[in-house]
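Read-outs throughout are calculated quantities, based only on the coordinates presented, and are distinct from any laboratory measurement. Everything quoted here is computed from the prediction, not taken from an experiment. Cβ placement follows ideal geometry from the backbone for every residue including glycine, while neighbour counts extend to all protein chains displayed.
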Amino acid sequence: MWTIGILAFAVIMAIVLVIAALRAPEPTDPVTQRLVEYSGRDDVMTLEEIELSQGFYDRIVLPMLNHIGRIVLRFTPQATLESARKRLEMAGNPMRLEPGFFLAMRIMLAIMLGGVVFFVFAVSRRNWGQGLLLTGLFLALGFVLPDMWLTGRIKSRQQETFRSMPDALDLLTISVEAGLGFDAAMAHVSEKWEDVLSLEFGRVLREIRLGKTRRQALRAMADRLGVPEMTSFVAAVIQSEQLGVSMGTVLRVQSDQMRVRRRQMAEEEAQRAPVKIVFPIGLLIFPSLLIILLGPAALQMLTSPMGAMFR
């Protein structure tokens with residue numbers, strides 16, 4: 001009975017984490033957001049009033065979490081921090097966390113889940129071997145869950161980028177062929193849609209205005225997204241800029257290649273569908289059909305004289 005209770009608690013915790021991840025605020029640039037709020041008011045606001053106008057998460061929760069992360073930074077290897085920072089950037093950092101706190105969150109969640117399981121077995125005085133085994137299992141589960149959530153966010157962001165690339169490249173191509181510069185074309189794409197790729201184009205333009213070269217800003221965008229097609233597109237744009245090739249021609253070729261690539265990916269997914277559907281059919285649909293079709297016959301057999309042999 002205690003095992004069922006522990007499993008139920010684990011399921012509830014997993015559901016709470018999933019809901020928290022789904023309701024996480026979308027990544028926004030705090031500087032841009034504050035400038036928009038400041039410019040939208042007629043009266044002059046002080047820095048304290050601007051800070052107080054922020055939500056509870058931005059004023060209290062986020063600084064506290066990042067302070068914990070800065071403490072963890074002192075005891076974490078630099079390579080681990082760089083890997084966590086890169087993964088958070090690839091996921092869009094939806095909760096605007098620092099790498100140190102993300103690593104601390106994994107440790108705290110592991111200790112919390114493992115401690116609850118150990119406490120339950122200590123109070124119940126059940127089998128200690130089973131208790132230590134489940135404690136170790138939930139320790140590992142708590143440590144892995146944040147990383148699984150982050151991996152899911154990265155994959156979702158990369159899929160969204162891949163799906164929006166052909167349309168964005170088409171608009172870039174049309175804008176450049178109409179006479180706009182590449183930066184103006186990126187601004188047009190950034191204003192046209194509100195997706196991951198358009199936000200990244202807007203970030204590239206802001207970085208260029210702050211002093212980065214176009215080459216550096218584009219390579220940083222490719223690293224943040226982690227999509228091979230975007231890396232290939234950025235390399236082609238940089239090479240065309242260095243060699244003096246027409247940007248419109250390069251964009252036209254890249255757009256055609258992206259549409260072919262998206263069609264190939266759709267065909268691959270369609271070929272995987274029959275294999276993926278085998279498991280739901282075997283585990284869910286077939287048992288239901290057997291119960292519906294053979295259930296009445298089984299009941300009749302139990303009420304017949306032959307059924308008395310199995311009682």
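Odds and ends about this structure:
- Positive end of the dipole of the stretch 98-178 (Cβ unit charges, origin at the Cα centre): among Thr135, Met165, Trp149, the Cα lying farthest that way belongs to Thr135.
- Sparse-neighbourhood loop sites, trypsin sites (Lys or Arg not before Pro) in the stretch 137-221 - DSSP loop, at most 16 other Cβ within 10 angstrom: Lys212
- Summing charges over neighbours of Gln216, with a neighbour being any other residue whose Cβ is under 12 Å away from its Cβ, gives +2 when K and R count +1 and D and E count -1.
- Filtered GluC sites (Glu not before Pro), the stretch 184-288: DSSP coil and at most 16 other beta carbons within 10 Å: Glu194
- Karplus-derived 3J(HN,Hα), 6.51/-1.76/1.60, for each residue of the stretch 145-162, Hz, glycine and proline x: 4, x, 5, 5, 4, 5, 4, x, 5, 5, 5, 4, 5, 5, 5, 5, 5, 5
- Compared with the alpha-carbon gap, the fully stretched path from Ala140 to Met108 is longer by 10.4 nm at 0.36 nm per residue.
- Relative contact order for the stretch 81-140, counting Cα pairs under 8 Å that sit 6 or more residues apart, in percent: 31 percent
- Pairwise FRET efficiency - Ser232 versus Ala270, Cβ, R0 = 30 Å, nearest 0.05: 0.80
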